[in-house]
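Quick notes on the structure that follows.
The values are calculated or read from the model by the stated rules, or taken from the named source; none is laboratory data. No experiment lies behind these values; they were computed from the predicted model shown. Cβ sites come from the backbone with ideal geometry, for glycine too, and all protein chains shown count toward neighbours.
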Amino acid sequence: MSQERAFVLGGGIVGACCALALLRRGFDVTLVEKDRPGYGATFGNSASIGLASVPPLGMPGMMRDVPKMLLDPMHPLVIRLGFLGRSLPWLMRFRDALAPARVEAIAGARAALLSRAGTEYESLLAEIGRPDLISTTGLIQAYQSTEAFRNAKGGLDLRRRHGIEVVELLGPALHELEPALSDRVVAGAYFPIVQTVVNPLHLTEAIVDTFRQRGGRLLTETVTGFETGPAGVTRIVTNAGRHDCDLVVVSAGAWSRDLVAMLGEAVNLIPERGYHVMIEDAPHLPKVPLVSGDHNVSVVTLNTGLRMTTMAELTAIDAPPDHPRAERIFRAAAGMLRGLEVHVASRWVGSRPSTPDSLPVIGRSKRHRNVIFAFGHGHLGVTFGAVTGTVVGTLARDETPNLDIAPYRPDRRFDGSHLAA
């Protein structure tokens, strides 16, 4: 009896993990990626396995501050005017998801997935023989103003309510923990549980290399459509031909919305762009990854140097980048590190797949029984890669995952109403 043919669409970290998981479950697996694996949003990630990232993107009361945020040229939240029409349905659901009871429930759903994220990576890296790719470093949210630190209390308390250890520290204790911090940093919060990837691209490449060594195939093609029958999708159509299939996994990040539309379905997903720079000649490299609580900038030392990451820009995937704005924000945040000047070695922009309720889309298509969705991880694509792969492998064999995946189902309203009234 021949193996069932599974096609995973999208070669970022989530797609790579899904492909390897399906291979492990006995499928004949092909990974389809239009570019090189790991070169989309995964490439530009802040390299965090954000096990403390319980709070959603939107918090109660945020909407009253949005106009001020959008008018501030130094704020990392941006909505391009030409994208406003397309983003309006997303923004309406986002607004509805800010109700306190819904935020609490969404945080619980994120916490449930986060509780498995670290252990699944531990198993995956042991399997491929690369435990060196992730280490437990913790993470510091650093504040240069006491007002910004006070405003962060809601998010810190939300983490505590969902079992995350939070250590609040004042200046001297922070500097002892991370000597690269400047004297401008007056307070902060330390999350010991957070892990760091030595390099998100190298992690993805290691998983894809193992996948190929074990017989998985990689196709550099662009999906242009699907052929369907009574049992679901029968062929995947690409710019290079047609491929017979028995199972399809859609895990193409920000491009997933278009693939889902080709299947005759809809999800409330938009591209949310982030920016990063690699810094030349940084005099002090932090051992503990940092987040500027004043400017929403992540700073991490990779095996290739110092990376700064910022912005949540709602715009089309192919819109011209706004590197000058990003670099203004980077320069403002640089003061939290001793002697740091932003000498840019390289810059990057890419689109995250963002949902209004800050929850991923994981589950079977309602229209096509042999299609599984695995996308919409927002800022936590790298974090949720391994656990999503495990869930997809379980669903593919019609087994019940050992965590409740109802919060992430594709047919929800995307406003948290499926979790709390």
Exercise for review: Check off (1) surrounded by 12 or more Cβ atoms within 10 Å (Cβ to Cβ); (2) more than 21 Å from the chain's Cα centre (by Cα); (3) not acidic (Asp, Glu) for Ile140 and give me the number that stays unchecked.
Suggested key: (2)
Review point. Of the residues that make up the stretch 360-371, is at least one farther than 30 Å from Arg93 by Cα and buried (at least 17 other Cβ atoms within 10 Å of the Cβ)?
Key: no
Check your understanding: Can you name the residue in the stretch 339-380 that is among the small types (Gly, Ala, Ser) and part of a strand (DSSP E or B) and is also farthest from the chain's Cα centre (by Cα) among such residues?
Key -> Ala345
Check your understanding: Of all residues in the stretch 406-421, which are assigned to a loop (DSSP other than H, G, I, E, B) and closer than 18 Å to Pro55 by Cα?
Key -> Phe414, Asp415, Gly416, Ser417, His418, Leu419, Ala420
Review point. Considering only the stretch 48-99, how many residues are in contact with an Asp or Glu (Cβ under 7 Å, 6 or more places away or on another chain) and among the acidic types (Asp, Glu)?
Key: 1
Point to revise | Filter result for the condition that a residue is closer than 18 Å to Phe191 by Cβ, of a type in the set (Gly, Ala, Ser), modelled with pLDDT of 95 or more and part of a helix (DSSP H, G or I), over Ala101, Ala107 | key: Ala107
Check your understanding: Which number in (1) in contact with a helix residue (DSSP H, G or I) (Cβ under 6 Å, 6 or more places away or on another chain); (2) hydrophobic (A, V, I, L, M, F, W, C); (3) within 30 Å of Gly82 (Cα to Cα); (4) surrounded by fewer than 19 Cβ atoms within 10 Å (Cβ to Cβ) marks the one condition that Ala319 misses?
Key -> (1)
Check your understanding: Which helices (runs of 4 or more DSSP H) does the stretch 1-92 wholly contain that include 3 or more residues that are surrounded by fewer than 24 Cβ atoms within 10 Å (Cβ to Cβ) and touching a strand residue (DSSP E or B) at 6+ places or on another chain (Cβ under 8 Å)?
Key -> 66-71
Review point. Of the residues Ser115, Ser135, which is under 25 Å from Ala406 (Cα atoms), at pLDDT 95 or above and out of contact with any Leu (no Cβ under 6 Å at 6 or more places or on another chain)?
Key: Ser115
Exercise for review: Mind listing whichever residues of the stretch 307-334 are part of a helix (DSSP H, G or I) and basic (Lys, Arg)?
Suggested key: Arg325, Arg328, Arg331
Point to revise | Options Leu203, Leu219: the member that is more than 21 Å from Ala316 (Cβ to Cβ), buried (at least 21 other Cβ atoms within 10 Å of the Cβ) and in contact (Cβ under 8 Å) with a residue 40 or more places away in the chain | key: Leu203
Point to revise | Among the candidates Leu306, Leu290, Leu340, Leu302, residue that is touching a residue at least 24 places away in the same chain (Cβ under 8 Å), under 30 Å from Leu9 (Cα atoms) and not β-branched (Val, Ile, Thr) | key: Leu302
Check your understanding: Are there any pairs, at least 6 apart or on different chains, whose C-beta atoms fall under 8 Å, with the first in the stretch 29-57 and closer than 13 Å to Ser351 by Cβ and the second basic (Lys, Arg), and if so, which?
Key -> Ala41/Arg352
**Study point:** Selected residue [within 30 Å of Gly335 (Cβ to Cβ), among the β-branched types (Val, Ile, Thr) and crowded, with 19+ Cβ neighbours inside 10 Å] from Val197, Val186, Val208
**Key:** Val197
Check your understanding: Residues in the stretch 129-141: is at least one out of contact with any helix residue (DSSP H, G or I) (no Cβ under 6 Å at 6 or more places or on another chain), free of Cβ contacts under 8 Å to residues at least 40 places away in the same chain and within 30 Å of Leu70 (Cβ to Cβ)?
Key -> no
Check your understanding: Which of the residues spanning the stretch 270-291 are surrounded by 21 or more Cβ atoms within 10 Å (Cβ to Cβ) and assigned to a strand (DSSP E or B)?
Key -> Ile270, Pro271, Glu272, Arg273, Gly274, Tyr275, His276, Val277, Ile279, Leu290, Val291
Practice item. State whether the residues of the stretch 395-405 include one that is in contact with a Pro (Cβ under 6 Å, 6 or more places away or on another chain) and in a helix (DSSP H, G or I). Key: no
Exercise for review: Specify the residue that is surrounded by the fewest Cβ atoms within 10 Å (Cβ to Cβ); the eligible residues are those in the stretch 226-252 that are in a strand (DSSP E or B) and polar (S, T, N, Q).
Suggested key: Thr228
Point to revise | Residues located in the stretch 368-395, provided they are farther than 22 Å from Leu125 by Cβ and not basic (Lys, Arg) | key: His368, Asn370, Val371, Ile372, Phe373, Phe375, Gly376, Gly378, Leu395
Review point. Right, Val288: hydrophobic (A, V, I, L, M, F, W, C) and farther than 30 Å from Gly138 by Cβ or not?
Key: no
Point to revise | Qualifying residues in the stretch 192-242 (those that are of a type in the set (D, E, K, R) and within 26 Å of the chain's Cα centre (by Cα)) - the one nearest to Asn45 (Cα to Cα) | key: Glu205
Point to revise | Count of residues meeting criterion [in contact with a Leu (Cβ under 6 Å, 6 or more places away or on another chain) and part of a strand (DSSP E or B)] in the stretch 191-225 | key: 4
